[in-house]
Amino acid sequence: HENKIAFVYAGDLYTANIDGSEPHRLTTHVATERGPIFSPDGTRIAFTADYQGTTDVYSVSVEGGQPTRHTFHPGADIAIDWSPDGTEVAFVSARQRLSGRSAQLWHVSVDGGLPERQMQARIFRGTYNDNARRFAAIPFGPAYNALYGGSSGWKGYRGGTSPSIQIMDMRRDRVTYIPGERFNDIEPVWVGDDVYFSSDRDGEIFNLHRYDTDTQTITKVTNETIWDIRAIDAFGNRVSYEAGGRLKIFDTDTGTATPLSISISPDLP
């Protein structure tokens, strides 16, 4: 968000300047925090944690302090985004799914109250564009679920559990798909009207791709050769991603990726 980046190291949340300087530790709990997401105004960070034995949605001030718990269901609730006005955290939950390995999209107010389901569609991960009129998502997780903490290393899998990204037009009730079947297309984020995502469609390694929603063209924009790009977020014309435990910032205007040098000295067990 603007001049800050949020990340996870050894199961705790940190922030740093966009150049990697001045890292600041936000959490110290023995439980694992993951998936930090800045609120639209940059004042809070939503994340997922299992503080009390269940996986739930929390948020914390960018200055640190006591996290606020937002969901209380015994099933897994995974934070994925914010509403554009910053009053609600968007998350996925299988609490009303009768079967299957997917979930549905829910919102919960940061001021409290019960979550509200947004649609019946299957949603595994996804993000809104700036005005929340469009939502890019994958309906289920990849068979290569080690990308999301699972144990299946089905790298290079081509089959029925290779997700395709769907783009939902929330005003017109219309769904389109990014072209290409039997590839693993994951982690969609918006940069203007373009969708950036990680995919193994051009080789064994997951790389960053851009989908132009006007021309329906797909362009491979990074060339990672060793490690998969596993986590992506975006702000303005920058896309941050993780590969091989390293963070990089991709400038969509220049087409260049800059590695971040972050030096931390945590008091780990």
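Could you compute the FRET efficiency for Gln216 and Gln118, with r as their C-beta to C-beta distance and R0 at 30 Å, rounded to 0.05? Efficiency, from the Cβ-Cβ distance: 0.70. Measuring with a 1.4 angstrom probe and ignoring ligands and nucleic acids, Ile262 comes out at about 50 Å² accessible.
For the stretch 190-269, dividing the convex hull volume of the Cα atoms by the residue count gives 108 Å³ per residue. Take the Cα pairs of the chain, get the Kirkwood Rh, then feed it into Stokes-Einstein at 25 °C and 0.890 mPa s and tell me D in µm²/s. Rounded, D is 130 µm²/s. Computed from label points 7 Å out along Cα-Cβ, the spacing between Asn17 and Asn3 is 0.7 nm. Farthest towards the positive end of the charge dipole of the stretch 120-265, among the residues Ser261, Pro163, Val221, is the Cα of Pro163, using unit charges on the Cβ of Lys, Arg, Asp and Glu.
Trp154 contributes about 140 Å² of solvent-accessible surface, heavy atoms of the protein only, 1.4 Å probe. For the set Thr215, Thr225, the ranking by accessible area, highest first and with no ligand, DNA or RNA atoms included, is Thr225, Thr215 under a 1.4 Å probe. Accessible surface calculations at 1.4 Å, restricted to protein heavy atoms, place the chain at 49 Å² per residue. For the chain, averaging the sequence separation of C-alpha pairs within contact (under 8 Å, six or more residues apart) and dividing by the residue count gives a relative contact order of 9 percent.
For Ser263 and Tyr51, a Förster radius of 22 Å and the Cβ-Cβ distance give a FRET efficiency of 0.20, rounded to the nearest 0.05. The fraction of all Cα pairs in the stretch 112-269 landing in successive 5 Å bins from 0 to the largest distance is 2, 8, 18, 21, 19, 15, 10, 5, 2, 1, 0, given as whole percents.
Relative to the Cα centre, the charge distribution of the stretch 46-190, modelled as +1 at Lys and Arg Cβ and -1 at Asp and Glu Cβ, gives a dipole magnitude of about 700 debye. Annotation for Ser151 and Asp111: the two label points, set 7 Å from Cα along the Cα-Cβ direction, are 4.5 nm apart.
Within the chain, the longest segment free of exposed loop sites, counting GluC sites (Glu not before Pro) that fall outside DSSP classes H, G, I, E and B and have at most 14 other Cβ atoms within 10 Å, spans 64-180.
Using only the C-alpha atoms, the convex hull of the stretch 1-160 corresponds to 140 Å³ per residue.
Using only alpha-carbon positions in the stretch 131-188, the gyration tensor eigenvalues give semi-axes of 25, 12, 7 Å once each is multiplied by 5 and square-rooted (largest first).
The values are calculated or read from the model by the stated rules, or taken from the named source; none is laboratory data. All of these numbers come straight from a predicted model, not from anything done at the bench. Heads up, the Cβs are rebuilt from the backbone with ideal geometry, glycines too, and the neighbour counts pull from every protein chain shown. Quick note on the areas: whole protein, heavy atoms, side chains included, nothing else; ligands and nucleic acids left out. Shrake-Rupley method; radii C 1.70, N 1.55, O 1.52, S 1.80 Å.
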